[in-house]
Amino acid sequence: LGNAEKAGSYLAEAGRLKNNFNNDIANCFYELAAGETAILKKNYAEAITSFRNAIEFGRQWGDSSAVAESLEGLGRAYWYSGDSNKAMENLQYSKQVAAANQLIDQQKTIFKTLFDYYKALGYFREAALIADTLLLLNDTLAVVQNNNRRIIMNALFESEQSAKKISSLQEQNEMARLRLKQKNIINIILAGTAISVLLIALLGYRNYRQK
């Protein structure tokens, strides 16, 4: 991280690969990477252009997370370039998009940038309020992650129970099939015995008549 030369090399390779796809998703990710690389190189005008492009591709793609991330990057680029008004405008817009779409991870990134922004400008009261919000977001994210784990565990348990029920039903069906087969065999034996008795009786009756 922070190695602008290596980042530029990777970006050039990504640009060559991007041409093989040429869709909104690939273009959005490429422009995001280009913006971050430009920031590393302190080329903030280029970063602003790349993040603006990423916003447009993100909107065409229809991904609110990509749009929020691009707006946050654009806000940072304006901040580093010295335009605090446009920096705050885009950071606030990014925060709104992330909140509206319940993108907790993205909100954490935005609030971290806002915290650094306020602290750098000497707005320590605002920075403290942002820090409190970050703590709340961390707690919220922990709750969401725990709920997700609980949902996954419940799904696994229900899946296991369903598998056991299916296995039990299969065993019951197999037992019923075996009982039916056994019953059929007994019926065949009984039928064979009855036929044998009948034949013996007929033979006895015929012998009797011949006498």
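The values are calculated or read from the model by the stated rules, or taken from the named source; none is laboratory data. As the structure is a prediction and not an experimental result, all values here were calculated from the model. Here the Cβ positions follow ideal geometry from the backbone for every residue, glycine too, while neighbour counts run over all protein chains shown. SASA here: full protein model, heavy atoms, side chains in, ligands and nucleic acids out. Shrake-Rupley method; radii C 1.70, N 1.55, O 1.52, S 1.80 Å.
I need a count of the residues in segment 37-73 that are closer than 19 Å to VAL97 by Cβ and in contact (Cβ under 8 Å) with a residue 12 or more places away in the chain. Don't jump to the end; show me each part of the working.
The first filter runs over segment 37-73 and keeps only residues closer than 19 Å to VAL97 by Cβ, leaving 48, 50-73.
Next, from what is left, pick out any that are in contact (Cβ under 8 Å) with a residue 12 or more places away in the chain: 48, 50-55, 57-58, 60-61, 63-73.
Of the residues in that region, 22 qualify.
Given the criteria part of a helix (DSSP H, G or I), of a type in the set (A, V, I, L, M, F, W, C), more than 23 Å from ASP24 (Cα to Cα) and free of Cβ contacts under 8 Å to residues at least 24 places away in the same chain, does ALA87 qualify?
Considered against the rule, which asks whether it is part of a helix (DSSP H, G or I), of a type in the set (A, V, I, L, M, F, W, C), more than 23 Å from ASP24 (Cα to Cα) and free of Cβ contacts under 8 Å to residues at least 24 places away in the same chain, ALA87 comes out as no.
Quick check on this structure: which one of ALA100, ALA87, ALA66 is open to solvent by 50 Å² or more (accessible area, probe 1.4 Å) and under 25 Å from ASN138 (Cα atoms)?
Numbers: ALA87 fails: open to solvent by 50 Å² or more (accessible area, probe 1.4 Å); ALA66 fails: open to solvent by 50 Å² or more (accessible area, probe 1.4 Å).
So the residue among ALA100, ALA87, ALA66 that is open to solvent by 50 Å² or more (accessible area, probe 1.4 Å) and under 25 Å from ASN138 (Cα atoms) is ALA100.
Would you please name the residue that is nearest to the chain's Cα centre (by Cα), looking only at residues in segment 112-135 that are surrounded by 18 or more Cβ atoms within 10 Å (Cβ to Cβ) and either at pLDDT 90 or above or among the basic types (Lys, Arg) (or both)?
Filtering first and then ranking leaves THR113.
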